[in-house]
1. Defining a contact as two alpha carbons under 8 Å apart and six or more residues distant in sequence, what relative contact order in percent does region 140-263 show?
2. Report the trypsin sites (Lys or Arg not before Pro) located in region 328-416 that are in a DSSP loop and have at most 14 other Cβ atoms inside 10 Å of their Cβ, or state none.
3. Would you kindly work out the equivalent ellipsoid of region 122-223 from its C-alpha gyration tensor and give its semi-axes, the square roots of five times the eigenvalues, largest first in whole Å?
4. In Å, the Kirkwood hydrodynamic radius of region 202-315 over pairs of distinct alpha carbons?
5. Would you mind calculating the relative contact order of region 293-411 from Cα pairs under 8 angstrom and at least 6 residues apart, reporting the percent as a whole number?
6. For VAL8, VAL209, what's the largest-to-smallest order of accessible area, 1.4 Å probe?
7. Can you tell me which of 224-230, 70-76, 151-157 comes out highest on packing, and rank the rest after it, using the mean Cβ neighbours within 10 Å?
8. Compute the Rg to Rh ratio over region 187-254 from the alpha carbon atoms, using the Kirkwood formula for Rh, and round to two decimal places.
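The values are calculated or read from the model by the stated rules, or taken from the named source; none is laboratory data. Predicted model only: the values in this text are computed from it and were never measured. Reconstructed Cβ throughout: ideal geometry from the backbone, glycine too, with neighbour counts over all protein chains shown. Note: areas computed on protein heavy atoms with side chains; ligands, DNA, RNA excluded. Shrake-Rupley method; radii C 1.70, N 1.55, O 1.52, S 1.80 Å.
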Amino acid sequence: MPSSPDAVVVGSGPNGLAAAVTLAAAGLEVLVIEGAPAVGGGCRTEELTLPGFWHDVCSAAHPLAVASPFFQRFDLAARGVTLAWPEVEFAHPLDGGRAAVVTRSVGETAARLGADGRAYRRLLGPISGHMDQICPAILAPLRLPPRHLGPVIGYGRRAVLPASLVARRWRTTEARAIMAGAAAHGMMPLTAVPTAGIGLMLTALAHAVGWPVVAGGSARITDAMAAAVVANGGRVETGRWVRSLAELPPARAILLDVSPKELALLAGDRLPGRYRAALRRFRYGPGICKVDFALSGPVPWTNQACRRAGTLHLGGPFEQIAAAEAAVAAGRHPEYPYVLAVQPGVADPSRAPAGRQTLWTYCHVPSGSTADMTGRIEAQIERFAPGFRDLILARAVRTAADEEAHNPNYVGGDIGVGLQTLRQTILRPVPRWNPYRTPARGLYLCSSATPPVPGVHGRCGELAALTALRDVFGVRDRPDIGPGRLRSPAAIKILLIPNGLLRAPPAPASPGGVGPPGRPYLSAPLSELRRVAPAGREVVAS
Ligand SMILES: Cc1cc2nc3c(=O)[nH]c(=O)nc-3n(C[C@H](O)[C@H](O)[C@H](O)COP(=O)(O)OP(=O)(O)OC[C@H]3O[C@@H](n4cnc5c(N)ncnc54)[C@H](O)[C@@H]3O)c2cc1C
């Protein structure tokens, strides 16, 4: 590879890597530069608490990855990434041992909702039944008219409402809790628009594709993406924070997987003052405080169905969750927060030693908060699973301020990179016909600060890369990113060299060699490969 790449991607989150995969598949020489010691951004897995306990550092549940047209073409399964579906997609425990329980079946879910069963089926049935047509529209550039107008309008006319308005049509605590728990992912008061859209989309995805975890951890997704970049002749360099575009090697295109705040800092006066001022007006949302637990056994949820759920929404009835989210929006730390919990062990036993469990949780807090919410998160779990605290072997806590310190994209701990208001959902990060293109020639933004939505789906990166391919390289056709396009995994030889640079040599490697025992390279985290092969040694796919 020449020392000057065709394109440089700064940041190796799912969007940075989706951009790199797309550019490399088009035959370009691509260099990915990542500041953190490992690739993956918001899609990583580490032993955060105790040895043998593998925690998803950020994303854990992956309905968007399943529904994403990018990942459908990339074909995670063919690259050794296994998704694991829980029996219950998500559950919402309530006091007195009751719970709202969402499974893949709309009918089964509705049947548990008593008086609201029919209304639930009438609303969620058509949306989830057409998710294969609605999702490509949600995950597409909004300037293009959707292909399937009817189903998209059916979803869209409710999506622009606040969750509180849609929940008003339901009477049971359970049905209303489903809407509250799913809509509160948006990190906004439930009276704000478009919280109904967020709640309906996530609930419909639970029915349409499920909310799986990744066997072995979310990092398997981004490891497979990084391996695809390398296999296509690209390079991935970790442990190098970029402070200015001037530090980058000359390249015809630069794609930044960063926040609008960092885009302005890195590019400085390469961007016109008006555009920088617009970037400064971009509004960030509240932060999160995340607590990961190593447990001596499964969480003893009073409600039996909750024991089989991958994801749980904690906080009680609609009104209590609405109050918690309103408090956060007003700059307060709620005494009884809305807590998101994922227990990956119900679908993937590999996350902890036999009989043990990991538990992933977070709650919303005001932007930039340094408050440790462990006590309040534990109290919410204990409320629905008495005896939980006795199982705790170890905890790892990240405040909102810590989140930003680990990843500058999460400004003030805002993991959605920007408030999900209607305006900022459509016009992210600033009003422009093509939001990925900046006014500086050859400079693109490819992070989740651009459309369509936050989450692990790779579409922001792919759409930015397609824009760069058209603008700079005259490539108009979407490159084939499928596994057939790449050299076979068995032929990939990775060199690990001291500064953390990963690259594949031009000549095909001989099979065999070092690798984690019993596992093909493409499904092993890069960190494991680093452990088995000290810097400078060669690792050959097994
Ligand atoms: C705690 C948490 C839980 C989440 N849960 C889910 C979930 O369950 N499901 C889901 O779909 N999504 C979830 N998300 C959201 C999802 O992780 C993000 O939307 C997604 O990772 C965004 O991808 P990205 O590539 O745009 O940015 P990121 O994944 O944030 O990656 C950006 C990368 O750029 C690097 N970088 C930034 N600036 C520089 C620089 N100057 N120099 C070098 N490198 C730089 C960062 O280190 C980082 O690796 C969660 C996020 C968090 C934090």
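1. The value is 18 percent.
2. On the way: sites: ARG332, ARG351, ARG356, ARG376, ARG383, ARG389, ARG395, ARG398; in loops: ARG332, ARG356.
Hits after loop and neighbour filter: ARG332.
3. Numbers: eigenvalues 100, 75, 36 Å².
Result for region 122-223: semi-axes of 22, 19, 13 Å.
4. Values: mean 1/r = 0.0514 Å⁻¹.
It works out to 19.5 Å.
5. Working: 187 pairs, mean separation 39.7, N = 119.
Result for region 293-411 is 33 percent.
6. Details: VAL8 0, VAL209 30 Å².
Per-residue accessible area, sorted high to low, gives VAL209, VAL8.
7. On the way: 224-230: 27.3, 70-76: 20.3, 151-157: 16.6.
Highest-to-lowest ranking by the protection proxy: 224-230, 70-76, 151-157.
8. Numbers: Rg = 19.3 Å, Rh = 16.6 Å.
Looking at region 187-254, the ratio lands at 1.17.
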